[in-house]
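The values are calculated or read from the model by the stated rules, or taken from the named source; none is laboratory data. Every value quoted in this text rests on a predicted model; they were computed, and no experiment measured them. Cβ placement follows ideal geometry from the backbone for every residue including glycine, while neighbour counts extend to all protein chains displayed. For the accessible areas, the whole protein counts, side chains as well, though only heavy atoms, and no ligand, DNA or RNA atoms are used. Shrake-Rupley method; radii C 1.70, N 1.55, O 1.52, S 1.80 Å.
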Amino acid sequence: MDSLQTIKQRFGIIGNNVVLNRALEKAVQVAPTDISVLVIGESGVGKEFIPKIIHNQSARKHNNYIAVNCGAIPEGTIDSELFGHEKGAFTGATQTRKGYFEVADGGTIFLDEVGELPLSTQVRLLRILESGEFMKVGSSDIQKTNVRVVAATNVKLKDSVEKGKFREDLYYRLNTVQIDIPALRDRKEDINLLFRKFASDFANKYRMPHIELSPEAQNYIANYPWPGNVRQLRNFSEQVSVIEKDRVITLEKIMELLPNNSTMLTVTSKKEGSSSDFMERELLFKVLLDMKKDLNDLRALTLDLIKNKDVDDFNGNTQELIQRVYQEQSDDSNDFIPSQYNVVPSNPKTQTYQPPQYDYSNDVYDVSPIEEPESLSLQDNEKEMIKLALEKHKGKRKMAADELGISERTLYRKIKQYHL
Ligand SMILES: Nc1ncnc2c1ncn2[C@@H]1O[C@H](COP(=O)(O)OP(=O)(O)OP(=O)(O)O)[C@@H](O)[C@H]1O
Ligand SMILES: [Mg+2]
């Protein structure tokens, strides 16, 4: 059994936080057994190291290790991917194909985002865990395989069980040993270590001198909530390494790049950064955003009414009405000015409506106006938000997902779903 230090070095794991160390030790301890392990933690905390350590520290290490993103595989093909299929099992199945559970015989499978598995696949998985037996799609022959399963989830799987979306028997079967990876904000002492490591990696990669943070800037990032955890910190250090000309980053600069708008409200508590505080704040902001959105929806409706009504009904005072609808809004923000709503043409039906643009450039939780939705359908709006986030981050899915507060795989699925 390798020491924790050796393992950290081998996998490039940075940090000395006690809870993280305990999680890594637990992985090393259970590695030689065949016990199923469930890894739990928010998106971007480093869950993927655990199955790799388990595989590497077990007798299975010379056999296959396969990582499967359950959330990224369409429901229609997941059974065939995992368990294989017979020739002719469905249109396009021109060959018999081995599934991951057959290929990984003697090795380890990592089922990431296991909560996304369809119920029918959960039944097949349970059978494999119980007896090692499975059947290819389209076949009635029972096959055997010997695979160690490590699963991960960033959703509350217990809630999914209560909602009937995840089988309770499977939950207990997977959860024989649970390994929790703490959120980055709960291991503040590791934040600057990680930043320095990433900054040095990026300096090498881009052949630039290292960047350094002033002591105040170091303090700031250590107390920042990092909702996207280590992944967000890594992306941030890349951004700073590449964009900033000055190699010493001041507090002022870091606040500009990483605005912690949550301090705008007085709800910040002394125990700043603790998980429940953060959730509470996040909830408050969501409520505020929702309210703002409702307001904008109302405005959109009012404008629509005006737009579709004969302009004469208002005795030529349409512009004034619109001004009034937007009065409060334009006080808040210059991005949301009524002049962008060009309503004067004589035929209102053919006018082109330019929705006011919302400036997303500098915030995590900005409570300023949201772009007026043209559709009130939740789906349309979700699609629109995803498009905006992808545009803002120039197609970088990780960053867009962080901003939207969903996992990268959920984003991936939605991109497919909406054909974006
Ligand atoms: N302690 C750490 N030291 C060095 N790099 C880390 C550490 N933790 C995470 N990372 C890096 O952060 C990124 C995100 O980690 P990872 O992919 O394991 O997250 P995750 O928990 O699986 O998230 P998700 O649920 O979104 O898949 C990876 O690039 C990973 O290498
Ligand atoms: Mg992952």
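Flag set for ARG196, criterion: closer than 26 Å to ARG22 by Cα and either within 15 Å of ligand 1 (Cβ to nearest atom) or not in a helix (DSSP H, G or I) (or both).
From the set of residues in segment 133-155 that are β-branched (Val, Ile, Thr) and buried (at least 16 other Cβ atoms within 10 Å of the Cβ), which is farthest from ligand 1 (Cβ to nearest atom)? That would be VAL137.
Taking the criterion of being of a type in the set (Phe, Trp, Tyr) and without any contact (Cβ under 8 Å) to a residue 24 or more places away in the chain, the residues of segment 170-215 that qualify are TYR171, TYR172. Each residue in segment 115-132 was checked for being open to solvent by less than 50 Å² (accessible area, probe 1.4 Å), in contact with a strand residue (DSSP E or B) (Cβ under 9 Å, 6 or more places away or on another chain) and away from ligand 2 (no atom under 16 Å from the Cβ), and 5 of them qualify.
Within segment 100-114, being out of contact with any His (no Cβ under 6 Å at 6 or more places or on another chain) and buried (at least 22 other Cβ atoms within 10 Å of the Cβ) holds for PHE101, ALA104, ILE109, PHE110, LEU111, ASP112, GLU113, VAL114.
Open to solvent by less than 10 Å² (accessible area, probe 1.4 Å), of a type in the set (Gly, Ala, Ser) and within 14 Å of ligand 1 (Cβ to nearest atom), is that true of ALA23? Spelling it out, ALA23 is indeed open to solvent by less than 10 Å² (accessible area, probe 1.4 Å), of a type in the set (Gly, Ala, Ser) and within 14 Å of ligand 1 (Cβ to nearest atom). Only one of these is over 23 Å from MET135 (Cα atoms), more than 16 Å from ligand 2 (Cβ to nearest atom) and in contact (Cβ under 8 Å) with a residue 24 or more places away in the chain: ALA31, ALA23. Name it. Checking each option against the conditions leaves just ALA31. When each of LEU82, LEU38 is tested for being away from ligand 2 (no atom under 16 Å from the Cβ), under 23 Å from LEU157 (Cα atoms) and open to solvent by less than 10 Å² (accessible area, probe 1.4 Å), the lone residue that passes is LEU82. The set of residues in segment 34-69 that are free of Cβ contacts under 8 Å to residues at least 60 places away in the same chain and within 16 Å of LEU174 (Cβ to Cβ) comprises ALA67, VAL68. Within segment 252-262, one or more residues are over 19 Å from the mean Cα position of the chain (by Cα), surrounded by 13 or more Cβ atoms within 10 Å (Cβ to Cβ) and at pLDDT below 70. Taken over segment 144-173, the criterion of being touching a helix residue (DSSP H, G or I) at 6+ places or on another chain (Cβ under 7 Å), closer than 20 Å to TYR65 by Cα and not in a loop (DSSP other than H, G, I, E, B) is satisfied by ARG148, VAL149, VAL150, ALA151, ALA152, THR153. The residues in segment 213-249 that are assigned to a strand (DSSP E or B) and out of contact with any helix residue (DSSP H, G or I) (no Cβ under 8 Å at 6 or more places or on another chain) can be counted, and the count is 1. Which of the residues that make up segment 26-50 are of a type in the set (D, E, K, R) and closer than 19 Å to ARG185 by Cβ? Within segment 26-50, GLU42, LYS47 qualify.
Please go through segment 216-238 and give me each residue that is in contact with a Leu (Cβ under 7 Å, 6 or more places away or on another chain) and open to solvent by 60 Å² or more (accessible area, probe 1.4 Å), ordered by number. Scanning segment 216-238 gives a single hit, GLU216. Selection of first residues in segment 1-14 that are modelled with pLDDT of 95 or more and of second residues that are open to solvent by less than 60 Å² (accessible area, probe 1.4 Å) and among the charged types (D, E, K, R), restricted to Cβ pairs under 7 Å at least 6 apart or on distinct chains, gives the following pairs, ordered by first then second residue: ILE14/ASP190.
Residues in segment 45-79 that are in contact with a Leu (Cβ under 8 Å, 6 or more places away or on another chain) and more than 15 Å from ligand 2 (Cβ to nearest atom): 1 in all. Among the residues of segment 80-96, not a single one is under 27 Å from the mean Cα position of the chain (by Cα) and more than 23 Å from THR410 (Cα to Cα).
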